[in-house]
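Down below is the structure, laid out as structure tokens.
The values are calculated or read from the model by the stated rules, or taken from the named source; none is laboratory data. What you see is a predicted model; the values in this text were computed from it and never measured. Quick reminder, even Gly has a Cβ in these numbers, built from the backbone with ideal geometry, and neighbours come from all protein chains shown. Calculation scope for accessible area: heavy atoms of the full protein, side chains included, ligands and nucleic acids excluded. Shrake-Rupley method; radii C 1.70, N 1.55, O 1.52, S 1.80 Å.
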Amino acid sequence: MRGCVLVVSVIEQLAQWHNSTVKAAVERLCNYIPEKLQGFCYILAELYGPHIAELIDREMNADVVCHSLRLCKQDPGQPLCHLYPPPKVGLSTAIWKAKRILKTSKDLKSTTRFSNLCAFPLLANLCEKIKYVIRNKLPFEDFDGDKFSTFPTLRGYHWRGRDCDDRNTIVYPGRRPDNWDVKSDSNCNGIWGVDPKDGIPYEEKFCKGADSRGVVLLGDSAGAHFHIPPEWMTVTQMSAKSFANLPMAFTDELDWPQFSEITGFLNSTIGGWTDSLYLRLRRRNRCNHRDLQNISQNGGSSRNLLNLMKSLARNQLLDNPAIVIYATIGNDVCNGNHDTLAHMTTPKEMLSNVMQALRYLDSRLPNGSHVILTGLVDGRFLWDNLHDRYHPLGQLNRDITYSQLYSFLNCLKVSPCNGWLTPNKTLRNLTSERALQLSDVLKEIARSEKFANFDVFYMDFPLRQTAEEWRKMGGEPWQLIEPVDGFHPSQIAAALGTSITWQKALHEWPQVLGKENPFNDQIEAIFKDQGGH
């Protein structure tokens with residue numbers, strides 16, 4: 001339903017913006033889509049386009065169109081969900097009239113079997129690949145089975161350091177060098193061979209005793225850096241260029257870990273700039289090159305992270321220590337249930353879940369590692385700064401606010417967080433109260449628990465400090481939130497959060513970050529990245 005309403009809204013606005021027919025708007029949208037997916041778009045246009053055009057021409061809005069086309073699942077007793085204000089005749093009456101218009105259509109019955117996108121032959125294979133990746137959280141293309149890949153998406157090197165030999169299972173980022181990498185690069189940091197001047201291996205000369213370490217994120221959609229480009233639904237900005245990254249985004253689960261706060265390594269193409277804990281560790285010690293793992297998933301929480309972290313790639317005997325960031329900042333209190341409080345993680349459950357996770361890490365991480373537990377965010381920030389602003393879909397006609405979007409998602413039972421994305425102030429406060437209780441559990445674990453192979457630290461999620469820094473730079477708080485979903489931290493928030501986290505670690509936990517490598521300039525002068533990440 002929500003996908004249908006978004007697409008129909010875009011088609012309607014494209015026709016309005018370009019002063020064209022609805023049919024021309026559908027064709028224009030398909031022409032924007034990358035060539036690989038255009039066939040799929042044209043099939044959809046053939047099946048649904050005439051019906052959408054007929055209803056829009058009769059001044060039916062996107063809610064009415066999608067309900068009448070039977071592209072939404074309506075549970076018995078569930079109210080009719082709508083994003084736009086209901087028509088004057090009422091939503092039920094408008095839907096009834098629209099169905100009457102379409103009743104004689106012979107084509108309509110044949111379209112319902114395609115309500116699942118993966119039923120399309122053009123997408124079936126890709127869907128199976130993505131299902132495999134989502135299920136296992138391991139790179140789809142990994143020929144030697146070491147959990148690292150030379151392919152960027154489908155949990156490839158956008159998520160973990162790039163493999164430099166995908167035919168050799170003992171060559172991967174993060175391992176201690178094999179015989180100081182005299183003959184080949186066993187840890188993919190680009191440093192190998194022997195200095196002809198003195199016969200000393202470069203890895204030994206530059207990295208011995210350098211306190212090398214990797215960074216691992218165990219997180220949720222914020223850590224995976226979920227992002228839907230606003231230009232995908234802002235018709236005044238829309239072009240073929242807007243959708244050029246659609247296949248990549250699709251095969252990365254609409255996540256952009258390559259720009260994220262913890263593991264980002266590429267220059268941002270989604271606004272703001274990239275700064276990350278990994279990049280700062282790499283600048284501190286060039287020997288850390290490529291040693292990153294983003295093991296996050298959309299919907300990650302202390303409950304399902306226990307299964308997710310089984311995809312961690314770290315050998316206690318062969319690999320360098322790691323800094324592990326445990327950051328499930330919202331989903332233990334966020335859910336789409338109407339009785340949302342009853343489905344939140346309790347402090348007792350949080351303690352059990354996190355302790356199980358830490359015991360598992362203690363059996364996997366090399367000695368000398370570190371774990372940082374990140375507290376939950378105070379999500380009241382979302383409603384306070386966004387609820388009366390116009391969503392990208394509502395900017396052309398000034399007709400959709402974030403408050404309307406939140407209510408629509410709530411009605412559909414797909415809200416990312418009923419507890420915070422609600423006009424009910426009492427419920428927002430109760431959700432933040434539970435989040436604080438769960439953060440206190442993490443804080444107490446860091447204070448009192450000891451483990452054999454790592455020490456544990458705690459830090460609050462730095463939202464307040466991030467907002468303060470951004471205000472000093474002349475920014476507005478709402479710019480720290482993703483514009484399309486109105487829920488996740490934006491690219492700007494991620495970059496500023498990195499700086500705050502780094503400064504805290506530098507001053508309070510310098511042992512976590514390791515020593516600064518005095519040979520960094522020499523390494524950079526002799527070796528280039530040889531293809532980057």
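Name the lysines eligible as straight-distance cross-link partners of residue 310: C-alpha to C-alpha under 22 Å, and not fewer than 8 places from it in the same chain.
129, 131, 137, 147, 450
In whole angstrom, note down how far apart the Cα centers of region 200-272 and region 407-475 are.
Cα centroid to Cα centroid, the span is 23 Å.
In nm, give the distance between the simple-model label positions of residue 367 and residue 2, each being 7 Å from the Cα along the Cα-to-Cβ direction.
In this crude label model, residue 367 to residue 2 measures out at 4.8 nm.
If N is the number of residues in region 202-331, what value comes out of its Cα radius of gyration divided by 2.2 N^0.38 Å?
Scaled against compact globular proteins, the figure is 1.21.
With the radius of gyration and the Kirkwood radius both derived from the Cα set of region 295-417, what is their ratio Rg to Rh?
Ratio value, two decimals: 1.11.
Note the full-extension length gain between residue 101 and residue 118 as 0.36 nm times their separation in residues minus their Cα-Cα distance, in nm to one decimal.
3.2 nm
Please name whichever of 397, 200, 448 sits farthest to the positive end of the charge dipole of the chain, dipole taken about the Cα centre and charges placed at Cβ: Lys and Arg +1, Asp and Glu -1.
Positive-most Cα among the choices belongs to 397.
Check the cysteines of the chain one by one and keep only those with no other cysteine Cβ under 4.7 Å from their own.
72, each lacking another Cys Cβ under 4.7 Å.
With a Cα-only, solvent-free Debye model of region 3-108, what are the log10 I(q)/I(0) values at q = 0.10, 0.13, 0.22, 0.23 Å⁻¹?
-0.28, -0.47, -1.24, -1.32
Applying 1/(1 + (r/R0)^6) with R0 = 60 Å to the Cβ-Cβ distance of residue 57 and residue 503, what FRET efficiency is obtained, to the nearest 0.05?
0.55
If ligands, DNA and RNA are left out, what is the accessible area of residue 172 with a 1.4 Å probe, given in Å² to the nearest 10?
Result for residue 172: roughly 20 Å² accessible.
Quick check: with the 1.4 Å probe, what order do 333, 182 take by accessible area, largest first?
Per-residue accessible area, sorted high to low, gives 182, 333.
Which lysines have a Cα less than 24 Å from the Cα of residue 425, not counting those fewer than 8 places away in the same chain?
Partners within reach: 413.
Give the carbon-plus-sulfur fraction of the accessible surface of region 216-527 in %, rounded to a whole number; probe 1.4 Å, heavy atoms of protein chains only.
For region 216-527, the apolar C and S fraction of the accessible surface comes to 52 percent.
If you fit an axis through the alpha-carbon atoms of helix 347-362 and take the longest principal axis of the Cα set of the chain, what angle between them do you get, 0 to 90°, nearest 10?
Between the helix axis and the principal axis of the chain, the angle is about 40 degrees.
If r is the Cβ-Cβ distance from residue 36 to residue 397 and R0 is 35 Å, what FRET efficiency results, to the nearest 0.05?
So the FRET efficiency works out to roughly 0.60.
At q = 0.10 Å⁻¹, what is the base-10 log of I(q)/I(0) for the chain according to the Debye formula with one equal point scatterer per Cα and no solvent? Please give it to two decimals.
Rounded to two decimals, the profile gives -0.86.
Treat each spin label as a single point 7 Å out from the Cα along the C-beta direction, and report the residue 134 to residue 93 distance in nm.
Label-label distance for residue 134 and residue 93, simple model: 4.0 nm.
Among DSSP beta bridges lying fully in the chain, give the percent that are antiparallel, nearest 5.
20 percent
Residues with amide H under 5 Å of residue 303's amide H, sequence separation 5 or more or different chain, H placed in the peptide plane at 1.01 Å from N; which?
Distant-sequence amide H within range of residue 303: zero hits.
Give, in nm to one decimal, the length gained when the segment between residue 430 and residue 197 is fully stretched (0.36 nm per residue of separation minus the Cα-Cα distance).
77.2 nm
Output wanted: per-residue J couplings in Hz (rounded whole) for region 31-42, from phi through Karplus 6.51 cos²θ - 1.76 cosθ + 1.60, θ = phi - 60°, x for Gly and Pro.
5, 6, 5, x, 3, 4, 9, 5, x, 4, 5, 5
Please compute the length gained on full extension between residue 356 and residue 205, using 0.36 nm multiplied by the number of residues separating them and subtracting their Cα-Cα distance.
Gain in length upon complete extension: 50.4 nm.
Solvent-accessible area per residue for the chain at a 1.4 Å probe radius, Å²?
Per residue, the chain has 44 Å² of solvent-accessible surface.
Within the set of other residues whose C-beta is less than 14 Å from the C-beta of residue 254, count the net charge using Lys and Arg as +1 and Asp and Glu as -1.
-4
Under the √(5λ) rule applied to the eigenvalues of the Cα gyration tensor, what semi-axes describe the equivalent ellipsoid of region 216-527? Give them in Å, descending.
Square roots of five times the eigenvalues give 32, 25, 17 Å.
Helix-only estimate, please: 222 nm mean residue ellipticity of the chain, summing -39500 (n - 2.57) across DSSP H runs of length 4 or more and dividing by its residues, to the nearest 500.
Value at 222 nm, helices only, nearest 500: -12000 deg cm²/dmol.
What number comes out for the charge environment of residue 297, summing +1 per Lys or Arg and -1 per Asp or Glu over other residues with Cβ under 13 Å away?
The answer is +1.
Work the Kirkwood hydrodynamic radius out for region 410-460: mean of 1/r over every pair of different alpha-carbon atoms, inverted, in Å.
That comes to 13.2 Å for region 410-460.
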